[in-house]
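A.B. asks: This is the structure, below, for whatever I ask next.
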Amino acid sequence: MNDSMLVAILAAAISSGTPILYAALGELICERSGVLNLGVEGMMLVGAVSGFLAAVRTGNLALGVLAALVAGGAMALIHAFMTISLKVNQVVSGLALTLFGTGVSGYLGKSVIGVPLSVTFRAVSIPVLSSIPVVGPILFRHDLLVYVSYVLIPLAWFWLYRTRQGLHLRAVGESPETADALGVNVFAIRYVYVVLGGMLAGLGGAYLSMASAPSWIENMTAGRGWIAVALVIFAVWNPIRAMAGAYLFGGVDALGFRIQTLGVTVSSFFLKMLPYIFTVLVLIVVTARARGRRTGAPEALGTPYERE
Amino acid sequence: MKVRLEKRVAASPVYRFFSPVLAVIMALIFGAVFLWASGFNPAEVYLKMWWGAFGDSYGISETVVKAIPIMLCALGIALAARMLLWNVGAEGQFYMGAVAASWVALSMRQAPAWQVLPLMALAGMAGGALWALVPAIPRALLGVNEIITTLMLNYVAIHWVEYLVHGPWRDPGSLNFPLSAPFSRAARLPMIGDTRVHAGLLFGLAAATLLTFVLWRTKWGYEVRVIGENPRAARYAGMNITRNVMIVLCAAGALAGLAGMAEVSAIAGRMQKGLSPGYGYSAIIVAWLAKLSPWGIVVVSILFGGLLVGGYSAQFIGVSAASVNMLQGAMLFFVLAAEVMGRYRIRVSLSGAGVDASSSRPAGPVQEAADMGGERARE
């Protein structure tokens with residue numbers, strides 16, 4: 001493997017990691033508030049199809065992104081209502097959301113299968129930065145949504161650990177009773193972050209349909225939503241680690257595509273299995289290492305809050 | 001306005017029985033609105049679906065044919081769910097069962113039916129069980145989240161099937177279609193009468209009977225139920241949770257694998273991709289709709305078989321097949337919501353002061369003995 005190929009793979013790792021990164025960040029803040037949402041896959045799919053539909057109809061990328069945000073948020077709102085207000089089991093509600101989203105996206109997308117998108121997110125080289133050797137081509141020759149994620153991740157970290165709002169969010173996920181006693185509105189906070197998480201998942205989906213493979217294919221997320229859920233565990237609920245993890249998964253994905261050009265003769269079907277097998281292995285290693293200690297999961301994750 | 005959820009002392013038994021029915025009706029209303037919004041006449045679509053699925057003997061037999069794999073997968077899912085294990089991997093286990101059964105069928109082309117069929121069934125169960133064992137071991141020993149691992153393995157299984165039918169198993173006579181060679185006559189499960197309903201139905205009914213017996217009449221079934229209802233108490237009582245996690249997940253995988261065997265042997269007659277249109281996922285909804293009751297699953301899976309077959313009929317008037325998936329997902333939501341309505345009484349009072357975020361705040365006094373998800377997540 002020569003240097004230019006390594007650079008190409010690392011750059012590809014970032015772009016194929018980005019949709020997972022958005023979804024994982026969304027799930028991360030949602031889980032931080034104490035709500036587990038297994039509907040990421042469904043929210044991504046609905047985001048992907050809505051963004052694509054809006055972009056096809058209007059020819060406007062910004063409207064596409066807006067549609068994906070709204071659609072992802074609306075999906076998450078169902079989960080929020082079910083789990084926060086009705087106190088339905090979060091696991092079942094999330095699974096229902098994924099199944100529902102798969103159906104809805106298939107239904108909505110029927111008319112645009114094979115339709116090309118006239119406008120897509122294209123790579124924009126950032127002046128000066130993109131000409132830095134090695135680092136430039138890896139980090140600074142991407143599309144706008146990648147750059148947004150560069151900003152969003154440190155921002156999320158700062159929000160979580162350095163602001164009052166972030167403190168409230170963490171408190172609600174760790175100990176809703178205490179937070180409530182201190183006058184924090186547990187229900188409102190959970191609603192906000194569950195919906196925000198859904199919006200980010202929708203954006204992750206839209207990245208797939210509007211940037212990486214500008215088209216709509218049924219079930220085009222292909223398990224990335226689930227990988228995002230696993231990634232949150234891997235990242236011990238920390239946005240910076242989620243970023244690193246997403247690029248790692250993106251790298252495995254990218255490697256799968258390119259490994260044959262390195263002269264390795266493996267059936268492409270085995271290469272397509274790689275990200276899934278990798279996810280299982282990573283999950284096993286992370287869980288084994290955290291054994292006996294706290295995993296970093298918010299203490300109240302999965303439990304509905306009931307006010308006395 | 002204030003909306004409050006108040007805990008009922010005891011959910012009315014009539015309501016408990018009818019809540020799934022109510023949920024299905026609500027889902028159909030939701031579907032009607034959706035159909036109407038996209039320019040269809042909902043009544044026409046539903047009638048078409050009903051006649052397609054239950055209108056004549058052909059429709060009914062097709063409905064049962066579709067119900068068989070869902071039934072077997074859902075029985076396994078329900079068994080695992082009774083121990084708070086989420087087997088989202090029935091789809092993959094179904095495929096691995098089909099692969100193992102096909103391997104037997106393809107390598108015993110001369111053997112008579114009494115040899116090849118039992119071996120195929122055993123191989124199918126073993127294939128599904130082994131595929132379930134992969135996530136079961138890390139779950140049992142380390143507590144690795146089985147929801148994600150079982151689901152990831154679905155994708156691996158599907159790619160594995162694609163590899164086989166594009167590669168080593170591809171039938172040279174298939175004109176480049178990704179199909180295996182057809183099975184011998186002996187490797188085909190017999191049909192019942194002159195319908196397409198096959199002996200897989202008997203597997204399903206036998207499994208439901210066995211599961212009912214095991215769960216409520218054996219010591220092991222008792223253990224499974226206790227572990228599911230109160231893991232901590234079970235641990236204090238000295239029940240071996242680690243071992244039971246593995247057994248239960250393998251049993252669930254074996255049932256899904258048997259479904260794969262029945263489908264590939266009776267219906268497809270050869271290995272091919274797309275053998276399942278998502279039976280393993282529909283089965284999750286069926287298991288919950290039936291409240292994890294084995295005989296409930298038998299009934300609900302026939303309803304879902306009907307939904308699939310009716311969905312095919314609806315396609316003739318232009319309704320997308322995906323709308324059936326959407327309806328399934330919506331049904332699960334309504335089931336969940338209807339269940340809550342059984343547990344709580346909704347109080348709406350107009351006197352409430354100040355409409356802010358707290359207006360939608362439910363303030364039930366008692367929490368349902370730590371919701372299942374919560375119990376799990378804290379483990």
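The values are calculated or read from the model by the stated rules, or taken from the named source; none is laboratory data. Since we're looking at a predicted model, the values are computed, not measured. So basically every Cβ, Gly included, is an ideal-geometry build from the backbone, and we count neighbours across all protein chains shown. Ligands, DNA and RNA are stripped out before the accessible areas are found, and what is left, the full protein with its side chains, is counted by its heavy atoms. Shrake-Rupley method; radii C 1.70, N 1.55, O 1.52, S 1.80 Å.
A.B. asks: Based on the inverse mean of 1/r over its pairs of different Cα atoms, what is the Kirkwood hydrodynamic radius of the range B:25-82, in Å?
C.D. replies: So the Kirkwood estimate lands at 13.5 Å.
A.B. asks: Modelled label-to-label distance, A:TYR147 and B:ILE192, 7 Å Cα→beta-carbon offset: nm?
C.D. replies: Distance between label points: 6.5 nm.
A.B. asks: Specify the inter-centroid distance of the range A:1-74 and the range B:210-227, based on alpha-carbon positions, in whole Å.
C.D. replies: Computed from Cα coordinates, the inter-centre distance equals 44 Å.
A.B. asks: Using only the alpha-carbon atoms of the range B:78-165 as identical scatterers, what base-10 log of I(q)/I(0) does the Debye formula give at q = 0.17, 0.18 Å⁻¹?
C.D. replies: Those come out to -0.72, -0.78, one per q.
A.B. asks: For the full complex of protein chains and a 1.4 angstrom probe, list B:CYS250, A:CYS30 by accessible area with the highest value first.
C.D. replies: Largest accessible area first, the list is B:CYS250, A:CYS30.
A.B. asks: Oh, and also: About the Cα centre of the protein assembly as shown, what is the dipole size in debye to 20, counting +1 per Lys and Arg Cβ and -1 per Asp and Glu Cβ, all else neutral?
C.D. replies: 780
A.B. asks: A further question on this structure: Taking every pair of distinct Cα atoms and averaging 1/r, then inverting, what Kirkwood hydrodynamic radius in Å comes out for the range A:174-308?
C.D. replies: 17.6
A.B. asks: Suppose each label sits 7 Å from its Cα in the direction of the beta carbon; what would the B:GLN110-B:SER293 distance come out to in nanometres?
C.D. replies: Label-label distance for B:GLN110 and B:SER293, simple model: 5.3 nm.
A.B. asks: Please list A:246-252, B:161-167, A:119-125 highest first by mean number of surrounding beta-carbon atoms within 10 Å per residue.
C.D. replies: Per-residue mean Cβ counts within 10 Å order the peptides as A:246-252, B:161-167, A:119-125.
A.B. asks: Give me P(r) over the range B:241-301, computed from all C-alpha to C-alpha distances, binned every 5 Å, as integer percentages.
C.D. replies: Once binned at 5 Å, the Cα pair distances of the range B:241-301 give 4, 15, 18, 24, 20, 12, 5, 1.
A.B. asks: Next question, about the same structure. For the range A:223-281 and the range B:24-97, what is the separation of their Cα centres, given in Å?
C.D. replies: The range A:223-281 and the range B:24-97 have Cα centres spaced 33 Å from each other.
A.B. asks: Which entries in the list B:LYS66/B:LYS219; B:LYS66/B:LYS291; A:LYS87/A:LYS272 go over 30 Å, if you measure between the two C-alpha atoms of each?
C.D. replies: Result: B:LYS66/B:LYS219; A:LYS87/A:LYS272 exceed 30 Å.
A.B. asks: What figure in square angstrom, to the nearest 10, would you give for the accessible area of B:PHE334 with a 1.4 Å probe?
C.D. replies: Spelled out: B:PHE334, probe radius 1.4 Å, area about 50 Å².
A.B. asks: If you don't mind, another one. Percent relative contact order of chain A, based on C-alpha pairs within less than 8 angstrom and at least six residues apart?
C.D. replies: Relative contact order, chain A: 37 percent.
A.B. asks: Enter the mean number of other protein chain beta carbons within 10 Å of the beta carbon of each residue in A:32-43, as an integer.
C.D. replies: The per-residue average across the peptide is 1.
A.B. asks: Here is a follow-up. Can you compute the FRET efficiency between A:ALA244 and A:GLU299 using 1/(1 + (r/R0)^6), with r the Cβ-Cβ distance and R0 = 25 Å? Round to the nearest 0.05.
C.D. replies: It comes to 0.55.
A.B. asks: Ordering B:TRP114, B:TRP220, A:TRP226, B:TRP295 from largest to smallest accessible area (1.4 angstrom probe), what's the sequence?
C.D. replies: Most to least solvent-accessible, the answer reads B:TRP114, B:TRP295, B:TRP220, A:TRP226.
A.B. asks: Kirkwood Rh over Cα pairs of the range A:1-84 into Stokes-Einstein at 20 °C, 1.002 mPa s: D in µm²/s?
C.D. replies: Here the translational diffusion coefficient equals 148 µm²/s.
A.B. asks: Once the protein assembly as shown is represented by equal point scatterers at the alpha-carbon sites, with solvent omitted, what log10 I(q)/I(0) does the Debye formula produce at q = 0.06, 0.08, 0.09 Å⁻¹?
C.D. replies: Log10 of I(q)/I(0), two decimals: -0.34, -0.61, -0.78.
A.B. asks: Above 31 angstrom, tally the Cα pairs of chain A and express them as a % of all pairs, no decimals.
C.D. replies: Tail fraction, whole percent: 29.
A.B. asks: Can you give the Rg/Rh ratio of the range A:224-270, where Rg is from the C-alpha atoms and Rh is the Kirkwood radius?
C.D. replies: Rounded to two decimals, Rg over Rh is 1.12.
A.B. asks: Could you derive backbone 3J(HN,Hα) for the range B:237-244 from the dihedral phi with the Karplus parameters 6.51, -1.76 and 1.60 (θ = phi - 60°), listing whole Hz in sequence and x where the residue is Gly or Pro?
C.D. replies: Going residue by residue, I get 6, x, 6, 7, 5, 3, 5, 5 Hz, with x marking Gly and Pro.
A.B. asks: Computed FRET efficiency, Cβ-Cβ of B:LEU202 and B:SER174, R0 41 Å: what is it to the nearest 0.05?
C.D. replies: 0.85
A.B. asks: If you average 1/r across every pair of different Cα atoms in the range B:23-127 and take the reciprocal, what Kirkwood value do you get, in Å?
C.D. replies: 17.2
A.B. asks: Just grab the label-to-label distance for B:ALA237 and B:PHE54, each label 7 Å out from Cα along the Cβ direction, in nm (one decimal).
C.D. replies: With each label placed 7 Å out from Cα toward Cβ, I get 4.0 nm.
A.B. asks: For chain B, what ratio Rg/Rh do Cα atoms give with a Kirkwood hydrodynamic radius?
C.D. replies: Answer for chain B: 1.01.
A.B. asks: How tilted is helix B:294-315 with respect to the longest principal axis of chain B? Cα atoms for both, answer in degrees (0 to 90, nearest 10).
C.D. replies: 80
A.B. asks: Follow-up. For chain A, which DSSP H helices look membrane-span-like by this rule: Cα extent along the axis of 18 Å or more and mean Kyte-Doolittle of at least 0.5?
C.D. replies: A:3-32, A:40-58, A:61-80, A:90-109, A:144-162, A:186-207, A:239-258, A:268-289
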